[in-house]
Structures are given as structure tokens and as C-alpha cells.
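Structure first, then comments.
The values are calculated or read from the model by the stated rules, or taken from the named source; none is laboratory data. Please read these numbers as outputs of a predicted model, since none were measured by experiment. FYI the Cβ positions are ideal-geometry reconstructions off the backbone, even for glycines, and counts take in every protein chain you see. Protein only, heavy atoms only, side chains kept; ligands, DNA and RNA dropped before computing areas. Shrake-Rupley method; radii C 1.70, N 1.55, O 1.52, S 1.80 Å.
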Amino acid sequence: MNKKLKKDNLFSLFLTFFKIGAFTFGGGYAMIPLIQKEIAEKRKWITDENILDIITIAESTPGPISVNAATFVGYKLYGILGAFLATLGLILPSFIIILIISSVLKEFQDIQIIKYAFDGIKIGVLALVFKALVSMYKQCPKKLTSYFVILISFIAVAFLNINVILVIISCALIGIISSLIASRRVK
């Protein structure tokens, strides 16, 4: 546990993820830049390298990536109670917002300014997802194999409609095989 973490407590973990959940629209991938900024850069609870590992694990496990990431960070910092509070903090704002919106949606759904606001939010979400992509790209190894995997994965999902789960499993296998080959070359 680092020095910064000793100063913080479970309530601050909850509030941090509550803030992330409250101010991020667009789902898990849009939350990645905020999680990185708040958890790694600002609070220094984990390192930037850990963010990539967390995203990889969160994406590989069932459920929304942001919830999985919050659970993993909370567990890493404070065990089971930390996992619970980080997850609760992340999902509570969405729950409250959906509860409020669902009670008044019928009255406002045809108002043009509301439609424009949601169009603007969609553009903002796209920008956040792109920022997460660039951030993850900077941390990934720059090898010919990596570029090959990116290209083939994109083609498989975008144009050939291959199941994303199969693509992720295939990418994991390619990563394992290329790492084994690289480690044998070193020996």
C-alpha cells in the first residue's frame, strides 16, 4: 500500500467512483479516461501500467467494463469492502439518473432541444472512447504482431461480423504464442 493510499479511506474511494459514474455518459469505454485520470494520475492509487492490465481483465470478464474496472480497483486497494464500495459508487449515479429520467421521459421526449442535447452527448462519448483508444495504444507494445492483430481484429469485427468473444480469445492466444516465441528467442 503506497503512502497516498494510507491517507485516503473507503469513503474517498466511494466518492471518487461516484464522481466518475455521475459525470460520464456513454458507458464503460467512455469512463476509462476518467478512471485513469482520477485513480492513476490524480490520486496515484495505481500506476498507468496497472490501468492497461485492469482494462484487459475488466474487458475479459463478464459484465460492463467500467463496473469490472471499479470492482477490480476497489478490491486491489481495500479488499472485498473496497470492491463493493467502488462498484456501488460507480453504478449509483446511473441508477438515480435513470430513475428520474424514466419518471419524466414521456413528457420531454419530443422536445427538440432534448434531442439536440442527446446528439451532443453522443459526440462527446465518441471523443472519450477515442481518447481511451489513444491512451491504450500508447501503452501497448509496438510490434509487427500487435499491428497485425489490430488490423485483423478490426476487419473480423467490423466487416466479417465475427463474434467479439471469438476475436478476444483469438487475440489472447496470439499474444500467448508470440510471447512464448519471443521468450524462447531470448533463451
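Can you tally the net charge around residue 123? Count Lys and Arg as +1, Asp and Glu as -1, for every other residue whose Cβ sits under 14 Å from the Cβ of residue 123. Net charge in that neighbourhood comes out at +2. Each label was represented as a point 7 Å from its Cα along the Cα-to-Cβ direction; for residue 96 and residue 138 these points are 3.2 nm apart. The sum of -39500 (n - 2.57) across all DSSP H runs of n ≥ 4, divided by the residue count of the chain, sets its helix-only mean residue ellipticity at 222 nm to -27000 deg cm²/dmol. For the chain, the Cβ-based charge dipole about the Cα centre amounts to some 840 debye (Lys, Arg positive; Asp, Glu negative; other atoms uncharged). For residue 142, the aspartates and glutamates whose Cα falls under 19 Å of its own Cα, not counting residues fewer than eight places away in the same chain, are 48, 49, 53. Listed by number, the DSSP H helices of the chain that run 15 Å or longer by alpha-carbon position along their axis and have mean Kyte hydropathy of at least -1.0 are 10-22, 48-60, 65-108, 112-139, 144-158, 164-186.
Ignoring ligands, DNA and RNA, what accessible area per residue does the chain give at 1.4 Å, in Å²? Could the numbers behind the result be given before it?
Numbers: 12670 Å² over 187 residues.
I get 68 Å² per residue for the chain.
The label point for residue 186 and the one for residue 170, both projected 7 Å from the Cα toward the Cβ, are 2.8 nm apart. For the chain, relative contact order (Cα pairs under 8 Å, six or more residues apart, normalised by length) works out to 23 percent. Considering only 127, 69, 172, give the residue with the highest GNM mean-square fluctuation for the chain, with springs between Cα atoms whenever their separation is below 10 Å. Looking only at 127, 69, 172, the largest GNM fluctuation is found for 172. A Gaussian network model of the chain, with springs between Cα atoms under 10 Å, assigns the largest mean-square fluctuation among 21, 120, 79 to 120. Taking the 1.4 Å solvent-accessible surface of segment 39-166 as the whole, the part contributed by carbon and sulfur is 74%.
Past 20 Å, Cα to Cα, is the threshold; run 42/143; 37/138; 19/138; 44/76; 76/131; 37/131 against it and keep the listed order. Violating the 20 Å Cα-Cα cut-off are 42/143; 19/138; 76/131.
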